[in-house]
Structures are given as C-alpha cells and as structure tokens.
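Undergrad: Have a look at this one.
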Amino acid sequence: MAEDPDQSSRRLPSEGRVAHPVALAIFGATGDLTRRKLVPALFSMAGRGLLPDRFAVVGFARRPWDDATFRSEMEAALAEFAPGADAEAVRAFCANLHYVRGDLGQPEDFRALGARLEAVAPGQGRVFYLATAPDLFTPIVEGLASAGLVRPPFEEPWSRVVIEKPFGHDLASARDLSAAVGRHLAESQIYRIDHYLGKETVQNLLSFRFANLIFEPLFNHRYVDHVQITAAEAVGMESGRGAYYDRAGALRDMVQNHLLQLLCFAAMEPPASLDPDAIRNEKVKVLQSVAPWTPETIRRHTVRAQYTGGSVDGRPAPGFREEDRVGPASTTETYVALRLMVNTWRWAGVPFFLRTGKRLARAVTEVAVQFRVPPLQLFETVACEGDVCDLTQAEPNRLVFRIQPDPSIRLTFSAKRPSLQMVVESVGMRFSYQETWDRHLPEAYERLLLDVMRGDATLFTRSDEVEAAWSIADPVLREWSAGRPPMAYYSAGAWGPREADALLAAPHRTWHNPSATRPMSVTGPGAGL
Ligand code: BG6
C-alpha cells in the first residue's frame, strides 16, 4: 500500500506540544506547594521533554536563602516527592533553579526579581505563580505592575499570572480581588487554578459525554433520577493544615471550587468548540442556573457536620477539635452535603447531590449518574453473596465516573442471574484507565503548568465563573453562621452524619458509598439461588 505522504503531519506527539521559552517566577518559593507539587511537576515535565530548551525558575520569598540553598532544598523535595528519580537528572534540573530573597513591601525587591529574570531568561515570556497566602495576591500583582514586570497582552515578553485558590473568602472579597488584579492585568493574563480541572479523569467527563453518542441522549430529566458528586477524603489535619482549614471549612475549601467544577462538567451543554471561552461560557451557565437558595432550602437541603474521634482504616483518629492548630471549640464544618437543582430545560427536576468531607471511611472521588428505574418491574431482583441471595428492590442503572483512585468508568445494569428462576441481578461493565493505557497519568499540576506556558486558559476559571460559584456558596455560609441548620457530627472513619442520609430520602436513593458491602442475611424466596 502506498504510504500516506501526509501521515507525519497528522501525527500528534503523544505528550502534546512543548511550551514556548519561558521563565517561571514562584512567589512563596519556600512553601509547601512549591515543594510538594510545583517542583515535582516541573521535574516530571522536564523528564518527558515538555519543557522548552530555554527554561528557568526563579523562586522569590522572604527566607534568607540563595541559589544554592534553594537548589539543595528542592533536591530534597524531589527525593521525597519524586522518589527513585535519577540523581543526575535531578541535579541537571535543579541547576535551572534560581532564588531571589525579597520582601513584598519593598519595590526594589521586585526590581531585583526583574533583573534576575532578565539575566537568566533574557526576552523570554514570564509566568508569575502566586503560591502564597491569599492576602498577598493583591500586593504581589501591584508590586509586579509598579516594577514594570507585567505588560499588556500582546506585548513581548508576554506575562501571565497564576493565582492559587482560594480566590476570595466570599463573593464580596472575590469581587474585590478581581477588581484589584484587574487594574493591572487583562483577564486573558490571569490564570486562576482549580487543580481538579487538571485531573485527566475530570477532563474525561467532557470527552466521555461529547465524544460519544450513546449516553448523551440519556443525560436529562427524562432518564436521570439524580446525580451524586462525592469527594471523600480519609485525611484530616496533617502537616499543620488545621490553621488554614479551621478558617476555611469544607464549603469554601472544596465545594465552592472543586465540587462545583465537577457539577459544571457533569451538567453543561455541549460547547460549540473546544475554545477556552466556549467551554467556560457553558460552565458559567450551569452555575447561574443553580436554583437560588431560600432560608428554607438551606435548612432542608444542606448538611454541615464536624468529625469527632473515631478510627480511619483501623487507626485511631482524633476529633476535629483535638487536631493540631484547630480551636478547641471550633464550629468549622469538615463535611458538607448539598442538594442542588440545576434549572435548565435539560435538568429541571433532577437533584444533584454534592458531598465532601475529611476523615471519611475512604478516599474516593466520583460522579455517579443514577438513571430512573424502568416504568414496569417485570422481574424480581436479587442481591447475592456467593450463592446466597436476598430479594431486593430493583437496582437502577448507574454510570459512575471514578475520578480517583483507580480512575475508571462503570456502568451497572440488571442481567438475568443464571438459575432456573427468572430473576435479575445488578452487574457491571468497567473501563479502567490503568488496564487500558498502561502509562503515567499526568499529575494535575503538570497539565496546568504546561497550559499556562502555552497560553491555554481552558482549564482555568474565569472571574465570572468564580463569582457565580461564590454566589452559590455565600447564602449558605450566611445561614450557617446564624446556626441554621445546626451542626451535625460524625465519627472519624464513618461516611458522614446521619443527617446526610435524610437529604436523599426517596425510593432508590441512597448515597453511593463505594465500599458498601452487600446484604449478608439469608432471607426471602431468592435465597439459595
Ligand atoms: C485542596 C484542598 O484544594 O484539595 C484540600 O485545599 C484537599 O483540603 C485537596 O485535601 C484535595 O485534592 P486531591 O487532589 O487530593 O483530591
């Protein structure tokens, strides 16, 4: 067969395109995020040939470090967070790391940063990464602007600013922050990070829905009973996180950003293209369509809870108030469950249940779409443990997107159980990332850093999106601060408080807990099948 002369031009590099020459300045270079996430992600990208030949990192922070200290600290970080990495590769990578000691209140320190960037990466595009406490975001952007380090879009060298979460503490502070940074930067230069959007499996929600025809026609109120979005964590307040978390709480920490982003991907309409704004426009529409809260719906459709002592994975775990750097009388929620309605033509009447919490039974993030049961129940349904079966209620079909761990997509349906009786049992089909593609799934931060360097804002949140998300969270926070509904409690290691079960209470609706075991009792005529 003749070779296709165009074949090579149609071939996509398997890892995607390499970024343009760039210098990355990290504010908060001595902090945890830099060690745990940013430097390991950059190192991994370097190893996979994704960084441009001309690339440099300049760390900026108050500690009296120099280049040598920064390099040896980051070598130690890589030993911890990229275990087994080749020592030579680590040294070569760290040789591109530089450090400027600086104080945010000192204009000359910003000028020193500018001079260093010019020395190590002359004329290259610049990414300023704000990995600091949120109250420093505005002073940093102002300092960059006064030192002439951020230029208007389309001026060379280009400059972009990455802002970590939390973007504001509530709607008013998010608006203030947008206005403050917007005085110096165009929206196209601001990259607000939500690391959930960098997860392969979150992006796959979009591809699964819009690259296939068979499920999308069912994604609407005619076929879907409800959707559950769960981000359960087994961790508590390790590594001194209590200080931040006790001020934030689960609603601000996880729901306002990560869970609402998952909601957007699950509920949005197909975008007209993969253009960043085409996608973000559709996401904003979802957030704006969420039914406004009333005091009554907040009381009935939100649950806030805090963990008390218990055990996770067989190990004793303290209650939240006993955790390191948490107030002994803290009233911060460590668990949230919400029932939201998305008032669009497609989703009218379909509840979306969102829940997240610390110190839950296991760490798992899933989006589960539960379909309606067939209009007529022709068959008896059994649930079996080996050969021991119980008669049970008909199991609805469920499509479950497992984001982490063991990323997969599972479809459950009823099939005739082999026996002399006409009974059905719920069975499943499963697609697993690991079994299908035996390769490294890029870490969220790798994908997001690469996108900033390439100038692709698709996976970053726009200001109107952030504000729409705060508009959902704000009224809830206000009612909660007035004690409505009251705080519920759950033991560390449980799946949450009892009050959360009442949110779903309806036939065929229970929380889909991945570790739930099947009934063990031997009762009913189905037994022994
Ligand atoms: C962060 C939150 O944004 O996300 C943490 O601040 C949370 O509290 C973390 O633990 C969860 O991220 P992941 O990627 O582990 O699901």
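Undergrad: Just give me a number: lysine pairs in the chain, eight or more positions apart or cross-chain, with C-alpha atoms less than 23 Å apart.
TA: Total qualifying Lys-Lys pairs in the chain comes to 10.
Undergrad: Can you tell me the relative contact order of the chain? Whole percent, Cα pairs under 8 Å, sequence separation 6 or more.
TA: Once divided by the residue count of the chain, the mean separation gives 17 percent.
Undergrad: What spacing in nm lies between the two simple spin-label points modelled at residue 343 and residue 420, each 7 Å away from Cα in the Cβ direction?
TA: About 5.9 nm, to one decimal.
Undergrad: So between residue 487 and residue 88, what do we pick up on full extension, going 0.36 nm a residue minus the alpha carbon distance?
TA: Details: separation 399, 0.36 × 399 = 143.64 nm, distance 5.32 nm.
Once the chain is fully extended between residue 487 and residue 88, it gains 138.3 nm.
Undergrad: For residue 491, list long-range residues whose amide hydrogen, built 1.01 Å from N in the peptide plane, is under 5 Å from its own amide hydrogen.
TA: When sequence neighbours closer than 5 places are left aside, the close amide H contacts are 308.
Undergrad: Return, ordered by residue number, the residues of the range 225-257 whose backbone nitrogen is under 17 Å from a label point located 7 Å along Cα→Cβ of residue 81.
TA: 238-241
Undergrad: I'd like the FRET efficiency for residue 118 and residue 187, computed as 1/(1 + (r/R0)^6) with the beta carbon distance as r and R0 of 22 Å, rounded to 0.05. Before the final figure, lay out each step's value.
TA: Numbers: r = 27 Å, r/R0 = 1.21.
Computed FRET efficiency for residue 118 and residue 187: 0.25.
Undergrad: A further question on this structure: Around residue 285, under 13 Å between beta carbons, what's the net of Lys plus Arg minus Asp minus Glu among the other residues?
TA: Details: positive: 280, 283, 346, 462; negative: 269, 277, 282, 464, 465.
Every neighbour counted, the sum reads -1.
Undergrad: Give me P(r) over the chain, computed from all C-alpha to C-alpha distances, binned every 20 Å, as integer percentages.
TA: Answer for the chain: a P(r) of 20, 51, 25, 4, 0 percent.
Undergrad: Related question: Where in the chain are the helices, taken as whole DSSP H runs, whose Cα atoms extend 18 angstrom or more along the long axis and whose Kyte-Doolittle mean reaches at least 0.5? Can you show the working numbers first?
TA: Working: long enough: 67-81 (20 Å, -0.10); 107-120 (20 Å, -0.11); 276-289 (20 Å, -0.73); 463-481 (26 Å, -0.30).
In the chain, no H run is both long and hydrophobic enough.
Undergrad: Quick one: length gained pulling residue 20 to residue 406 fully straight, 0.36 nm per residue minus the C-alpha distance?
TA: Full-extension gain reported as 135.6 nm.
Undergrad: Also: Tally Lys/Arg at +1 and Asp/Glu at -1 over every other residue whose Cβ is under 14 Å from the Cβ of residue 68; what's the total?
TA: 0
Undergrad: Sticking with this one: Between residue 498 and residue 322, take the C-beta separation as r, use R0 = 30 Å, and let me know the FRET efficiency to the nearest 0.05.
TA: 0.85
Undergrad: What are the ³J(HN,Hα) values, in whole Hz, obtained from phi via the Karplus relation 6.51 cos²θ - 1.76 cosθ + 1.60 with θ = phi - 60°, for each residue of the range 22-29 in sequence order, with x given for Gly and Pro?
TA: 7, 10, 10, 9, 10, 8, x, 5
Undergrad: Shifting gears a bit: Which length gain, in nm to one decimal place, applies between residue 296 and residue 63 when the Cα-Cα distance is subtracted from 0.36 nm times their residue separation?
TA: 78.9 nm
Undergrad: Just want to confirm a number: the relative contact order over the range 92-174, from Cα pairs under 8 angstrom separated by 6+ residues, in percent.
TA: The normalised contact order for the range 92-174 reaches 31 percent.
Where a number appears in this text, it was derived from the coordinates with a stated rule and is not lab data. None of these values were measured; they are calculated from a predicted model. Cβ: placed from backbone, ideal geometry, glycine included. Neighbour counts: every protein chain shown.
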